[in-house]
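Input: a single structure, listed below in structure tokens.
The values are calculated or read from the model by the stated rules, or taken from the named source; none is laboratory data. The structure displayed is predicted, hence computed values, not measured ones. Here the Cβ is made from the backbone with ideal geometry for all residues, glycine too, and neighbour counts use every protein chain on show.
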Amino acid sequence: MSICSEDLRQRVRKYVGSGGSISEAAKIYGVSRKSVYNWLSNTDLALKSGRKLPLKVNNDAVVAHVNKYPDMILRERAAVFNLSINGMWVALCRLGFRKKNDALQGKKLYTQD
């Protein structure tokens, strides 16, 4: 799926509005007929930005928790923040924390880049 410019959308609408068929417009401009139908039915042709959801976890709280409890394993930390294990892992990676295999020898489990 590629994003088509607003200019292309306007040209396709103009072509169909001046008497061209939807199938011809799709072939000429290299888009699907479904896209042409969508552009004809929508009055707003502006590109929409992607949906941006707020973060589920507070970054400062995660950093403070990791610094306070450096030996806690991922599963336990995920339970504290009510996240999935993968969600906790993504949050730690986003904040620059990397798991160290030296934890078995009594060293810190996580270090920050």
- Message: So in the range 54-96, with the set limited to residues that are part of a loop (DSSP other than H, G, I, E, B) and of a type in the set (A, V, I, L, M), which one is modelled with the lowest pLDDT?
- Response: 55
- Task: Keeping to the range 29-53, report how many residues are exposed (fewer than 13 other Cβ atoms within 10 Å of the Cβ) and modelled with pLDDT of 90 or more.
- Result: 3
- Query: Do you know which of the residues in the range 55-88 that are without any contact (Cβ under 8 Å) to a residue 12 or more places away in the chain and closer than 15 Å to residue 99 by Cα is surrounded by the most Cβ atoms within 10 Å (Cβ to Cβ)?
  - Reply: 78
- Note on the structure: Among (1) at pLDDT below 85; (2) in contact with a helix residue (DSSP H, G or I) (Cβ under 6 Å, 6 or more places away or on another chain), residue 102 falls short only on (2)
- Single unsatisfied condition, residue 20 versus (1) assigned to a helix (DSSP H, G or I); (2) modelled with pLDDT of 90 or more; (3) surrounded by 12 or more Cβ atoms within 10 Å (Cβ to Cβ): (1)
- Would you please list the contacts, defined by Cβ atoms under 7 Å and residues six or more apart or on different chains, that run from a residue in the range 35-53 that is within 17 Å of residue 12 (Cβ to Cβ) and in a loop (DSSP other than H, G, I, E, B) to a residue that is modelled with pLDDT of 70 or more and of a type in the set (A, V, I, L, M)? 47/3
